[in-house]
Amino acid sequence: MTLLAHYSPDDADGVVLATERDVDAFIERLHRDSLRYRARLLAQLYVEDDDSDTAPEIGLGIDHHQALLSYSGHGFDGIWVSTDGNGRPADEHELTFDFMGNLTEFPAHALLPLDRIRIALYDLLATNGQRPTTLDWAPLA
């Protein structure tokens, strides 16, 4: 399975993420840019060649040394976000992430250590785009 990652206008056709090495390189790129621009950055990931009504859409947000995932599709209604499990409501939109000039808000409890998100993306690749079971999830209101 291959993911296509969209992050920059320079990546009009998407960045191909087919291996863990590809995932690592893409995460490092976003991490480096987050530090350079002092910004919370967002990328959108899609399963290549999945045109079904339930095709997953994945958001990858990087905030310096932390990250989050959002997920919709494959039988999950609405948008779900990674969570630290602290019990705060998922509709507390506290942090703004930039996706090519479009701003999206996510709750602060969605941020996790970068390596946990990296492992979740490996899981996403290994399971053909299924929502990673290596994270806790909360619905985004």
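Values in this text are rule-based calculations from the coordinates and carry no lab data. Every value quoted in this text rests on a predicted model; they were computed, and no experiment measured them. FYI the Cβ positions are ideal-geometry reconstructions off the backbone, even for glycines, and counts take in every protein chain you see.
Worth a mention:
- Taking amide H as placed 1.01 Å from N in the peptide plane, ASP136 has its amide H under 5 Å from the amide H of THR83, each at least 5 places away in sequence or on another chain.
- Neighbour net charge for LEU135 - beta-carbon separation under 10 angstrom, K R +1, D E -1: -1
- Sorting the segments 6-13, 104-111, 77-84 by their residues' average number of neighbouring beta-carbon atoms within 10 angstrom, most packed first, yields 104-111, 77-84, 6-13.
- Computed magnitude of the charge dipole of the chain (debye, nearest 20; Cβ of K, R +1, Cβ of D, E -1): 540 debye
- Packing order of peptides 56-67, 114-125, 16-27, highest average first: 56-67, 114-125, 16-27 (average count of other Cβ atoms within 10 Å over each peptide's residues).
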